[in-house]
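Have a look at the structure below before the remarks.
Nothing in this text is a laboratory measurement; each read-out follows from the coordinates by a stated rule. Keep in mind it's a predicted model, so treat the numbers as computed, not measured. So basically every Cβ, Gly included, is an ideal-geometry build from the backbone, and we count neighbours across all protein chains shown.
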Amino acid sequence: MTKKQIFKKSRVVTIDGKKLRPESLMMSYGYHPEWSEGALKCPIFQTSTFVFESAEKGKAFFEIAYGLRDDVSQEQLGLIYSRLNNPDLEILEDRLTLWDEAEDCAVFESGMGAISSCFTTFLKPGDLVLFSEPVYGGTDYFLNNILTKFGIDVLGFQAQTDPAEVEQMLKRSGKADRLAMVYIETPANPTNDLVDIGAFSDLAKNYSTSEKRVLVAIDNTFLGPLWQHPLKHGADLVLYSATKFIGGHSDVIAGACLGSAEMIKDVKATRTFFGAMAGPWSGWLLLRSLETLKMRMTQQMENAKIVADFLTTHPKIEKVYYPNLLKEGSKQYEVYKKQCLSPGSMISFDIKGGEKEAFRFLNGLSMIKLAVSLGGTESLAEHPATMTHSDIEPAMQKAMGITEKMVRLSVGVENVDDIIACINHALENA
C-alpha cells in the first residue's frame with residue numbers, strides 16, 4: 001500500500017448496522033495494526049520528513065498541500081513533512097472529530113496556539129470581535145493586547161447578559177457592521193457562568209451577509225468533548241485546551257480546533273506557516289488519553305457533584321459556583337438544560353473573608369495540590385484573582401465576579417471522601 005492509502009481515514013463505524021459510540025472508537029479508529037508491523041497501538045512517528053515513492057508522487061502531494069490544482073477536495077494529502085502532517089496527528093485529529101461530530105480537526109502544541117491561530121485565520125484589520133467575559137486569562141490578553149495592535153477591535157460583554165441586551169450594546173458601539181466573529185467561553189473560566197450558544201449563533205446569522213459570514217467560536221474546555229457539543233447549537237468552530245480533559249494526566253500541552261472541512265483547511269494553513277503543529281509525542285500521548293476520556297470525565301463529574309453539595313453546607317463557604325446548583329426557572333438553568341449534558345467537574349467558591357482566608361485555605365491543602373491548570377486525574381486548586389486571571393485589571397475582575405475570596409477547584413478521580421476530607425481540613429484552618 002502507498003503512504004496515501006495507508007493513512008487514509010477509516011469510515012467503518014458500524015457493526016450490523018449499529019453505529020459505534022465514540023468511547024469504543026477511541027481504541028482503534030483511523031488506524032490498523034497491519035499498517036505498522038502488527039503493532040496494536042499506533043507507534044510514535046518520530047520523524048521530521050517522509051520519503052516519497054517517486055518524484056511524481058512528491059509533486060502531487062505538494063500540489064494538494066498548497067492548492068496548486070483546481071480541485072483537490074477529494075484527494076488525500078500524502079505524508080510530506082511533520083510541520084504539515086504526521087500519522088500520529090492525523091489519527092488523533094480523526095478521533096477527536098467523533099465526539100463533536102465535526103468534519104475535521106486541527107491539533108496544536110497548546111490551547112493558545114489553537115485560539116490565536118483561529119483568530120488570525122479569520123480576522124483582518126478593521127474587523128470586530130464580540131466576546132464573552134470572563135475568559136481564560138491568556139485569551140483575554142490576546143484579545144485586548146495582541147489583536148488590537150493589528151487594528152482589530154474587540155467588544156466584551158458579561159457572560160450572563162441577555163443576548164438582546166448584548167445586541168443593543170453592539171448597535172450602540174457603532175461597529176456592528178464590522179462584526180466578524182462572536183467568541184464565547186462557556187462555562188466561563190472561573191465563574192462557571194453559561195452563555196447561550198444558540199442565541200448568539202442566531203445573532204451572528206443576523207449580522208452575516210452574502211459577502212461576509214459572522215463566525216461563532218466556542219472555547220469548550222471546561223465541559224470538554226463529552227458534556228457539551230457547540231456545533232449542534234449553531235457554532236462554527238470549537239476550541240479546546242487539549243492539555244485539560246483530553247490529555248487529562250497533566251503531562252502534555254496541546255490544543256485543538258474543530259469545525260467544517262473548509263474552515264479547518266484554512267486553520268491548518270495558518271498552523272503550517274506559524275509552525276504551531278503539535279509533535280508526534282504529544283499526538284501519541286493524546287491518543288493514549290482518549291481511550292479513558294469518558295471514564296475519567298464521568299468519575300470527575302460524579303465526584304464534583306458530591307463535593308459541590310458538601311461546600312454548600314460548610315459554614316465558611318459564602319457561595320458555590322457550579323452548574324448543578326443552578327436554580328430551576330432561572331435563565332442560567334434554562335441555558336444549562338438546553339446545551340449541557342452534565343455539570344462537569346469544575347467548581348469555584350467564595351470563602352468568607354478575602355485573600356488572606358483564601359490563601360490560608362490553599363496553603364492548608366495536602367492531597368489536593370495548589371497549581372493552575374485543570375482537568376487532570378488529580379484534584380487541583382488555585383486563586384484566579386492572583387494567578388490565572390491576574391493580568392486582568394482589578395476593576396474588570398470585580399465586574400466579572402472574580403474576587404479575592406474566590407477559589408477554583410478542578411476535581412479529580414480520587415476517592416471523593418478523601419477529597420472532601422482534604423477540603424474540610426483546609427477550611428477548618430482558613
Quiz prompt | With Cα atoms, 0 to 90° folded angle of helix 416-428 axis to the chain main axis | solution = 40 degrees
Exercise. Order these peptides, 330-339, 289-298, by their mean beta-carbon neighbour count within 10 angstrom, highest first.
Key: 289-298, 330-339
Self-check item: Dipole magnitude of the chain about its Cα centre (Cβ charges: Lys, Arg +1; Asp, Glu -1), debye to nearest 20
Solution: 240 debye
Self-check item: Potential extension, ASN415-LYS19 segment - 0.36 nm per residue separation minus Cα distance
Solution: 139.2 nm
Practice problem: Give the angle, between 0 and 90 degrees and rounded to the nearest 10, that separates the Cα long axis of helix 293-313 from the longest principal axis of the Cα atoms of the chain. | Solution: 10 degrees
Exercise. For THR298 paired with GLN46, estimate the spin-label separation in nm (one decimal), with each label point 7 Å from Cα along the Cα-to-Cβ line.
Key: 3.5 nm
Practice problem: Between LYS175 and GLU393, take the C-beta separation as r, use R0 = 25 Å, and let me know the FRET efficiency to the nearest 0.05. | Solution: 0.70
Exercise. Just list whichever of LYS18/LYS268; LYS338/LYS405; LYS57/LYS265; LYS175/LYS212; LYS19/LYS205 have alpha carbons separated by over 23 Å in the model shown.
Key: LYS18/LYS268; LYS338/LYS405; LYS19/LYS205
Quiz item: Which of the peptides 381-392, 45-56, 211-222 is most tightly packed, and how do the rest follow, judged by the mean count of other Cβ atoms within 10 Å per residue?
Solution: 211-222, 381-392, 45-56
Self-check item: Check: the stretch 269-362 dipole with +1 on Lys, Arg Cβ and -1 on Asp, Glu Cβ, in debye
Solution: 120 debye
Practice problem: Distance between Cα centroids, the stretch 277-342 to the stretch 373-420: provide it in whole Å. | Solution: 13 Å
Quiz prompt | Expected 222 nm ellipticity per residue - DSSP helices of 4 or more, -39500 (n - 2.57), all of the chain, to 500 | solution = -10500 deg cm²/dmol
Quiz item: So what's the angle, to the nearest 10 degrees on a 0 to 90 scale, between helix 197-206 and the longest Cα principal axis of the chain?
Solution: 60 degrees
Self-check item: Counted charge near HIS233, where neighbours are those whose Cβ lies closer than 13 Å (Asp, Glu -1; Lys, Arg +1)
Solution: -1
Self-check item: Share, in percent, of DSSP beta bridges within the stretch 312-428 that are antiparallel, nearest 5
Solution: 85 percent
Quiz item: Modelled label-to-label distance, LEU370 and GLU34, 7 Å Cα→beta-carbon offset: nm?
Solution: 5.7 nm
Quiz item: Of all DSSP beta bridges located in the chain, what percent are antiparallel, nearest 5?
Solution: 55 percent
Self-check item: Computed over the chain, the ratio Rg/Rh where both radii use C-alpha atoms and Rh is Kirkwood
Solution: 0.98
Quiz item: Put +1 on the Cβ of every Lys and Arg and -1 on every Asp and Glu Cβ in the stretch 367-408; which of VAL372, SER390, MET406 then has its Cα farthest towards the positive end of the dipole?
Solution: MET406
Quiz prompt | Segments 28-34, 255-261 sorted - mean Cβ within 10 Å per residue, highest first | solution = 255-261, 28-34
